[in-house]
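Written out below as structure tokens is the structure these notes cover.
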Amino acid sequence: MVLSHTSLHALSDIYIYICKITLSNEVPFRCVEKEGLTELCQEFQPKFQMPSRWTAARDCYGIYKEQANILTKYFKTSKVHVSFTTDCWTSMQNNNYMCLTAHWIDDDWILQKRILNFCEIKDHRGESIAKQIEDCLFQWGIDKVFTIIVDNATANDSAIAILKMRFKSWDGFAMVCDWEFLQMRCAAHILNLVVSEGLKEMNKSIELIRHAVKYVKSSPSRKRKFIMLAERERVESKSLLTLDCPTRWNSTYLMLESAVKFVKVFTWMEEEDEEYKQYFKKKNIDSSRDTFILIDAREGVDDVLDDTTTRRSVEPTIMPPSAYDWSTANEFLGFLKLFYNMTLKFSRSNYVTSNTCFQHIVSIQTSLESNANSSHSLLGHMSRRMLSKFNKYWGSPKKMNPLLVVAVILDPRYKLTYVKVAFANLFHEPTKCEAMLRKITTLLYHLYDHYSTTVHVGESSSQPTSEQGDHVELELEVPLASGDATFQKFLTQANAESNVEKISEVDEYLRAELIGYRDSKFDLLAWWKANACKYKVLSLRFKKNVKFKDAFKDQTSLPLMNSSLKV
């Protein structure tokens, strides 16, 4: 079927659609030269000539420039505060890269996310990171920044300190609380450090299971044999084995989760599969050779070989996973599942999560403290190590960014009621709890006062309220002379009363009944959008605070991002 020219958009528009398909599907530009796509387009429009890869690349860049100009104009004219997440890494080619992502809530209360910068940097020093962020903000016309989310690297601390100084010198740059809360540490990264610390306790079992999984996945014939054995042993599993990346604990969790389902198969292989046994014997020989080479470099091989006791003590033992290894892995899977699920929640970017981060932190601490006293010695020791690392980042009120708590208060399901209970569990000492509660409450009022004086309340809702309408009508009917002394006294008194009302707006919100706390599908943004007229300034405060929701960077995205550099 051939469509007429009039039934389609102009040919130039078709080029644009081809570019959009290329971009949205993240395929190489050379896809436009594939015969199948060319034939499909010409079937519908014979006059259409498929562009070359170079033309497609040029047109895609044109789309980028057009959208970038629209976004730059938006940032320069709107009053939104933007939060950022940063990622720095080194590729397999030893090139340093940085990605800067912006997050904000628009005037329609829709969560927005854009990658503003993906570039190569000369090093990971604080000065270099700060320079790239500053240049990016200047390029996009952004002068209202709320938080910048970074990993727990010393260079990032230095970068934030440099940015604070530079922001103060920018003309018209919107400053919130003297940038005291500008730096937000990535929750998913901290959780990764906590769990990695605990996994050191079961390192040996994990290593043996990893070798077993690697054996199965090392050749198609072994994989086919494994599947046949699984069917014979009637192992019901929709997924097969998954090999982990040793530096990413969440992938290790998935490997263990998949492997423990096939314990029967691995046990049979250990007893009957000679090739499986030889695989581990070879691993032992290779590892022993590596160990002695290491000792030779440090002590002298003759001394070691003459001492049979020393030889036995340093010789590694790599064998198929034992019943103890499988039992340990199975038992710890339940414990690790909590942290795996928390990582997924921290890393979500399609809806608001800042209001739940503090709750997850409290849940993690409660679980660690409970298991630290476990009768299971390995689980208890593992939990105590993790709790020590947890306390390093979140165990003290001074170490936690208070905006995490403010975000919970601005959730009408929890407010201060949850915070009081959480502080009691988190800090234990009543004096600490009371001091932290006073600090958070004071900060909430301080932030509210800041926005009530610097942001026009009319921007909290796209629809004018009845009070705004009455005010305009009165102003037209009864024009007053601004130089009149009585009128000046009236303005002074009106401003004073207005401030009282604004403060009472916070009190009114805090005293209102908790709602929706049993509703698992509660939409926080929709609630604030519906109540923006009632809580005019507080709704603006919520908009700013909730935008660091993607502070919890996706810990599964970096390998994909890094791999994209190899294409």
Q: Can you give me the ranges of the helices (runs of 4 or more DSSP H) entirely in the stretch 115-228 with at least 2 residues that are under 30 Å from F332 (Cβ atoms), in contact with a Lys or Arg (Cβ under 9 Å, 6 or more places away or on another chain) and not assigned by TED's automatic domain parsing to the domain that holds W249?
A: 187-199
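Here is a yes/no grid of residues against (1) over 28 Å from I142 (Cα atoms); (2) among the small types (G, A, S); (3) exposed (fewer than 14 other Cβ atoms within 10 Å of the Cβ):
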| position | (1), (2), (3) |
| --- | --- |
| S12 | yes, yes, yes |
| V32 | yes, no, no |
| E43 | yes, no, yes |
| A68 | no, yes, no |
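Looking only at the stretch 73-98, which residues are farther than 22 Å from N152 by Cβ and either crowded, with 21+ Cβ neighbours inside 10 Å or touching a strand residue (DSSP E or B) at 6+ places or on another chain (Cβ under 8 Å) (or both)? Spell out the reasoning first.
Just the residues of the stretch 73-98 that are farther than 22 Å from N152 by Cβ, to begin with: 73-82, 92-95.
Correct list: F75, K79, V80, H81, V82, N95.
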Q) Which one of these is at pLDDT 90 or above and of a type in the set (D, E): E257, E299, E272? A) E257
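Please specify each residue of the stretch 266-277 satisfying the condition of being over 12 Å from P321 (Cβ atoms) and either assigned to a helix (DSSP H, G or I) or of a type in the set (V, I, T) (or both). Lay out the reasoning, then the answer.
Residues of the stretch 266-277 that are over 12 Å from P321 (Cβ atoms), as a first pass: 268, 271-275, 277.
Across the stretch 266-277, the qualifying residues are W268, E271, E272, E274, E275, K277.
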(Q) Name the single residue that is surrounded by the most Cβ atoms within 10 Å (Cβ to Cβ) among those in the stretch 385-415 being among the charged types (D, E, K, R) and free of Cβ contacts under 8 Å to residues at least 40 places away in the same chain. (A) K392
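Given the condition surrounded by fewer than 18 Cβ atoms within 10 Å (Cβ to Cβ), free of Cβ contacts under 8 Å to residues at least 24 places away in the same chain and within 21 Å of the chain's Cα centre (by Cα), answer yes or no: does some residue in the stretch 99-115 qualify?
Step one: filter the stretch 99-115 for residues surrounded by fewer than 18 Cβ atoms within 10 Å (Cβ to Cβ), giving 106-108, 110-115.
Now narrow it down to the ones that are free of Cβ contacts under 8 Å to residues at least 24 places away in the same chain: 112, 115.
Narrowing further to those that are within 21 Å of the chain's Cα centre (by Cα): 112, 115.
Yes: the stretch 99-115 contains one or more residues that are surrounded by fewer than 18 Cβ atoms within 10 Å (Cβ to Cβ), free of Cβ contacts under 8 Å to residues at least 24 places away in the same chain and within 21 Å of the chain's Cα centre (by Cα).
Taking only the stretch 19-74 into account, find how many residues are in contact with an Asp or Glu (Cβ under 8 Å, 6 or more places away or on another chain) and in contact (Cβ under 8 Å) with a residue 40 or more places away in the chain.
1
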Q. Looking at the stretch 416-426, is at least one residue in the same structural domain as D507 (by TED's automatic domain parsing), surrounded by 21 or more Cβ atoms within 10 Å (Cβ to Cβ) and touching an Asp or Glu at 6+ places or on another chain (Cβ under 9 Å)?
A. yes
Q: Check whether at least one residue in the stretch 327-338 is within 30 Å of C177 (Cβ to Cβ) and either surrounded by fewer than 19 Cβ atoms within 10 Å (Cβ to Cβ) or modelled with pLDDT under 90 (or both), and report yes or no.
A: no
Q) Looking at (1) touching a helix residue (DSSP H, G or I) at 6+ places or on another chain (Cβ under 9 Å); (2) surrounded by fewer than 12 Cβ atoms within 10 Å (Cβ to Cβ), which is the one condition that is false for R53? A) (2)
Q. Got at least one residue in the stretch 364-376 being hydrophobic (A, V, I, L, M, F, W, C), closer than 24 Å to W109 by Cβ and either in a helix (DSSP H, G or I) or assigned by TED's automatic domain parsing to the domain that holds D523 (or both)?
A. no
Q.
Looking only at the stretch 33-73, how many residues end up being at pLDDT below 85, not in a loop (DSSP other than H, G, I, E, B) and not hydroxyl-bearing (S, T, Y)?
A. 10
Q. Right, P321: modelled with pLDDT under 90 and either closer than 30 Å to A188 by Cβ or among the small types (G, A, S) (or both) or not?
A. no
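Condition check ((1) surrounded by 15 or more Cβ atoms within 10 Å (Cβ to Cβ); (2) more than 23 Å from R541 (Cβ to Cβ)) across all residues:
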| site | (1), (2) |
| --- | --- |
| F167 | yes, no |
| A188 | yes, yes |
| M202 | yes, yes |
| E233 | no, yes |
Q: Would you mind stating whether K122 is more than 24 Å from A187 (Cα to Cα), in contact with a helix residue (DSSP H, G or I) (Cβ under 8 Å, 6 or more places away or on another chain) and surrounded by fewer than 16 Cβ atoms within 10 Å (Cβ to Cβ)?
A: yes
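The values are calculated or read from the model by the stated rules, or taken from the named source; none is laboratory data. The structure displayed is predicted, hence computed values, not measured ones. Note: ideal-geometry Cβ built from the backbone for every residue, glycine included; neighbour counts use all protein chains shown.
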